[in-house]
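Some notes on the structure that comes next.
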Amino acid sequence: MQLGSIFLLALLEGLVSASVLALTACGLSLVFGIMRVVNVAHGEFFMLGAVLAWFTASLMPGPPALTFVAALVICPLIVGAVAALADMLVLKRLNYEPEATIVATIGLLYILQQGALTVFGPNALPVPAPLDFRLQFPGFGYSGYKIAVILAAVLLLLGLWLILTRTRIGLVMRATQIDRATARAFGINVDRVYAGVFAMGAGLAAIAAVLIVPIQQAHYLMGADPLLLSFSVVIIGGLGSLRGTVVAALLIGMVDQMIPIFMPVVFPAYGAWFTPTLAKIIATLVVALVLVFRPQGLFGKRMA
Amino acid sequence: MAAVILEARGLTRHFGGLKAVDGVDFDLRQGEIHALIGPNGAGKTTFVSLLSGRIEAQSGRISFDGRDITRLPAHARVRLGIAYTFQITQIYAALSVFDNVALAAQSRGSHPLGAAAMEALSRVGLEARKDQIAGTLSYGHQRLLEVAMGLALKPRLLILDEPTQGLSQGEIETFNGIVKSVVPEATVLLIEHNMDVVMELAEWITVLNFGQVLATGTPPAIRANPAVQSAYLGA
Amino acid sequence: MIDRRALFLHLAVLAALLAALPMLAAYHVTNIAKIMVLAVYAMGYNIAFGYTGLLSLGHAMFFAAGLYAAGMGISLFGLSAAGALVLGPVAGGLAATLVGLLALRTAGVAFMIVTLMFAQAGYLTILYFVKYTRGDEGIVIARAARAIGSVDLSADTPRYLLAFGIFALALLLNLALVRSPFGRIMVAMRENEARSRMLGYNPYTVKLTALAVSGVYAGAAGAAYAVVFGYVGASLASVQYSILPLLYVLLGGAGTVLGPFLGALLMFYLIDYASSATSAYLFIVGAALILLVLFAPKGILGTLRERHARWLP
């Protein structure tokens, strides 16, 4: 393959990963932005969406395209319901006290992970792609499904943006974010908003996971990577800022995918000592240092 | 006239468009009780927060005992002898009364610690309650504990931010006695709304209005000042 | 000044642990030895979290610093077991100081995430240097190297006694620390940082000192683990090992000296019992975390202290 083709391939792979990451991270960012809750179980909601997609696809009769669309609707709803339940039974009772909430979501992480292992077993679970055609690019053919994933993510993000800025639901959510007590005084049922936001955040992770399973397979341990990546995205993008989150997701998702494809070509030593593990170490340290020295994120404004 | 222990020149702090403290010049003389008065929102708390280091100054200079402390962090100023008691009571609610005061006393390296803490407690009349959990004290007693913590720091300058707010008449009299016992070894800067307390205690008064010094002088001079009367007292 | 009742209680616990040795079956001797080592780790965690209010999610890094300093010191550099036990706490304290210098510029939730990230980087670093650390597979320390003088530390009784010795020292130092003036300042920092600053304490240095002490404990426990159990692996540096001491401390009682040991003891046997019945022991960990923060945020000894025994340190 020529360098140009390799670059295009890397770009496409990067876009796929960035779009899924943007959805997942927006879920985390939404929950943090409105509820000030750091949800460590977010990756497990992602994982739950993926294994449920497998469950739906393998249980429902009919062509893959149909079962997949069904999964795309059902899984986020189920995962959202689980999240809403967790919010009402646990987080609300903790009064969203930040540290207790994190500890509780760590507990939730273990329970969901173990639950998935017990119910679905330790094997990777494949889900067939609903679309089966390839697009011919100069020098390589590319999965049409992956292009569809990018488009779907863009549409979903646009939808999310419309909900947040143009609807009453969005208005109520923003009012709750600004001042819980005042929102309550204006007759907003804050408890329901919180449960809804937590469900929505988890649902976004679940949708992202359903989109990715035809490419990646579902597995009970798959939640760790999206969690760490989403954390990085939300931190780099500025805590709680959705626009920053999308920009950072694009950046991190692209870098994450492009390095393994592109680096061996331009940097022959890649793989010898500059391994994916080293790249991860550097990335993790960078994110930690951003949080230490620029807590408002790379794209956020410093608060007064 | 006694030496100046604290001097502020051109002290400024704005919050967005709000000029909370705007170019204030201020002198505090060794051993005096100096009251800072002014209408609500005049910038009194911001001003003493600049002196104590809780808020950083945007411009201007503060010196304490001849030393420039403008950039010194709050805890280091406390170590130099500038003690600050909070407007809203800030005690360690979960700890015992004794531990609260002991924390202040040990910060000054007082030895023996127990005796120093008990002395501060007895000055405010709380020695019998030393084992009580501070959060269970009555509001007035919590204010007194706050003062005791200030005393246990053995400060050279004690800044009291609305100390009598919410105290009963009897408690205010106790408090007045405590403040009088602090000088002239230490200097007291007092933010106060209760004019009876101000007139009883203060030897010198500075009036702040809209972040600027409106007037400064002895209590009779301030009382007679027409600008002060129209802005504040005359209301 | 240490309350007599408190001193008596802690000495009694130590005496009971020593007296129990001849009565315990071999299986339990190993278990209790492991619990005592993990309790030292949890005590260190408690100094940061329980007393100073620093909720770290990265303590596995400090534990691993001691663990690998000891393990690699012995296996690669021919260090003696005794030397490894000294090197461990130094390495743990150093790691905690370095992390603290940066992480303590943040607070609360950001501090949790930063420590989590640093520990993750540490874990990945162990995997990266697989040639020296042997990664996930881990280093098994030869039996011959696990001896002090002529005493074989891989045998049941000596390993129990060594774990006990380290535990006893850690416990009594912990007791002295929390009853010292500095112990009072740590608690003050936890209770009200703004107030403590206005009493002349620099929050940054107080917290850094507490974190360093906490790291020394974690490193000591890591080194003890390497020497006593002869295994040093990357899984011991993973996130789970940062959560473990948090769980022990929450169960036993944050901000109590005996809480970490009590929590470790109960949790260890609960998981041990559960994993013989089902493979789903992570359920227990998860459920325990949630139930504790919901219904008993002060833990067993914290609740006891609040209701009945205020003198409990």
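The values are calculated or read from the model by the stated rules, or taken from the named source; none is laboratory data. Keep in mind it's a predicted model, so treat the numbers as computed, not measured. Backbone-built Cβ (ideal geometry, glycine too); neighbour counts: all protein chains shown. Note: accessible area is taken over every heavy atom of the protein model, side chains too, but ligands, DNA and RNA are not part of it. Shrake-Rupley method; radii C 1.70, N 1.55, O 1.52, S 1.80 Å.
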> Do you know which of the residues in region B:8-62 that are basic (Lys, Arg) and more than 21 Å from B:Arg223 (Cβ to Cβ) is surrounded by the most Cβ atoms within 10 Å (Cβ to Cβ)?
Replying inline: B:Arg13
> All but one of (1) surrounded by fewer than 17 Cβ atoms within 10 Å (Cβ to Cβ); (2) at pLDDT 80 or above hold for C:Tyr160; which doesn't?
Replying inline: (1)
> Quick one: would you say A:Val286 is surrounded by fewer than 17 Cβ atoms within 10 Å (Cβ to Cβ), within 14 Å of another protein chain (Cβ to nearest Cβ) and within 22 Å of the chain's Cα centre (by Cα)?
Replying inline: yes
> Can you tell me how many residues in region C:83-101 are over 13 Å from C:Ala220 (Cβ atoms) and either more than 14 Å from every other protein chain (Cβ to nearest Cβ) or open to solvent by 50 Å² or more (accessible area, probe 1.4 Å) (or both)?
Replying inline: 4
>> As an exercise: evaluate A:Val79 against (1) at the interface with chain C (Cβ under 10 Å from one of its Cβ atoms); (2) β-branched (Val, Ile, Thr); (3) surrounded by 21 or more Cβ atoms within 10 Å (Cβ to Cβ); (4) in contact (Cβ under 8 Å) with a residue 12 or more places away in the chain and give the number of the one condition it does not meet.
In response: (1)
> Does C:Leu282 satisfy the condition of being facing chain A (nearest Cβ under 9 Å), closer than 28 Å to A:Arg93 by Cβ and touching a residue at least 40 places away in the same chain (Cβ under 8 Å)?
Replying inline: no
> Which helices (runs of 4 or more DSSP H) does region B:1-120 wholly contain that include 1 or more residues that are under 17 Å from the mean Cα position of the chain (by Cα) and over 29 Å from B:Leu137 (Cβ atoms)?
Replying inline: B:44-52, B:74-80
>> Looking at C:Phe283, C:Phe261, C:Phe268, can you tell me which residue is outside any loop (DSSP other than H, G, I, E, B) and modelled with pLDDT under 85?
In response: C:Phe283
>> Being open to solvent by less than 30 Å² (accessible area, probe 1.4 Å), β-branched (Val, Ile, Thr) and farther than 20 Å from C:Leu312 by Cβ: is that true of B:Val101 here?
In response: yes
>> Can you tell me which of (1) assigned to a helix (DSSP H, G or I); (2) crowded, with 23+ Cβ neighbours inside 10 Å is the one A:Ala70 doesn't meet?
In response: (2)
>> For C:Ser235, only one of the following conditions fails: (1) open to solvent by less than 30 Å² (accessible area, probe 1.4 Å); (2) part of a helix (DSSP H, G or I); (3) more than 14 Å from chain B (Cβ to nearest Cβ); (4) among the polar types (S, T, N, Q). What is its number?
In response: (1)
> What pairs come up if the first residue lies in region A:95-107 and is assigned to a helix (DSSP H, G or I), the second is crowded, with 22+ Cβ neighbours inside 10 Å and not hydrophobic (A, V, I, L, M, F, W, C), and their beta carbons are under 7 Å apart, counting only those six or more places apart or on different chains?
Replying inline: A:Thr105/A:Asn39; A:Gly107/C:Gly286
> Within region A:118-147, which residues are within 14 Å of another protein chain (Cβ to nearest Cβ) and either outside any helix (DSSP H, G or I) or among the aliphatic types (A, V, I, L, M) (or both)?
Replying inline: A:Val119, A:Gly121, A:Pro122
> Using beta carbons and a limit of 7 Å, which pairs, at least six apart or on different chains, have the first residue in region A:172-183 and under 14 Å from A:Phe32 (Cα atoms) and the second one open to solvent by 20 Å² or more (accessible area, probe 1.4 Å) and outside any helix (DSSP H, G or I)?
Replying inline: A:Thr176/A:Ile188
> Can you name the helices (runs of 4 or more DSSP H) wholly within region B:123-235 that have at least 3 residues being open to solvent by less than 40 Å² (accessible area, probe 1.4 Å)?
Replying inline: B:139-152, B:169-182, B:195-201
>> I'd like the full set of residues that are under 30 Å from A:Ala272 (Cβ atoms), without any contact (Cβ under 8 Å) to a residue 60 or more places away in the chain and assigned to a helix (DSSP H, G or I), limited to region C:103-136.
In response: C:Met117, C:Ala121, C:Leu124, C:Thr125, C:Tyr128, C:Val130, C:Lys131
> So which residues in region A:201-224 are open to solvent by 50 Å² or more (accessible area, probe 1.4 Å) and under 22 Å from A:Leu89 (Cα atoms)?
Replying inline: none
>> I'm trying to understand the selection: among the residues of region C:137-169, which are farther than 26 Å from C:Ala264 by Cβ and either assigned to a loop (DSSP other than H, G, I, E, B) or in contact with a helix residue (DSSP H, G or I) (Cβ under 7 Å, 6 or more places away or on another chain) (or both)?
In response: C:Glu137, C:Ala142, C:Ala145, C:Ala147, C:Gly149, C:Ser150
>> Every residue in region A:290-301 that is in contact with a helix residue (DSSP H, G or I) (Cβ under 7 Å, 6 or more places away or on another chain) and modelled with pLDDT of 80 or more, please.
In response: A:Val290, A:Leu291, A:Val292
> If you take the residues of region B:70-98 that are open to solvent by less than 10 Å² (accessible area, probe 1.4 Å) and of a type in the set (A, V, I, L, M), which of them is nearest to the other protein chains (Cβ to nearest Cβ)?
Replying inline: B:Val78
> What do you reckon, is C:Gly53 in a helix (DSSP H, G or I) and within 14 Å of chain A (Cβ to nearest Cβ)?
Replying inline: no
>> Just to check your reading of the model, which residue among C:Phe182, C:Phe118 is within 14 Å of another protein chain (Cβ to nearest Cβ) and crowded, with 22+ Cβ neighbours inside 10 Å?
In response: C:Phe118
> So which of A:Gly14, A:Gly4, A:Gly115 is surrounded by 21 or more Cβ atoms within 10 Å (Cβ to Cβ), small (Gly, Ala, Ser) and assigned to a helix (DSSP H, G or I)?
Replying inline: A:Gly14
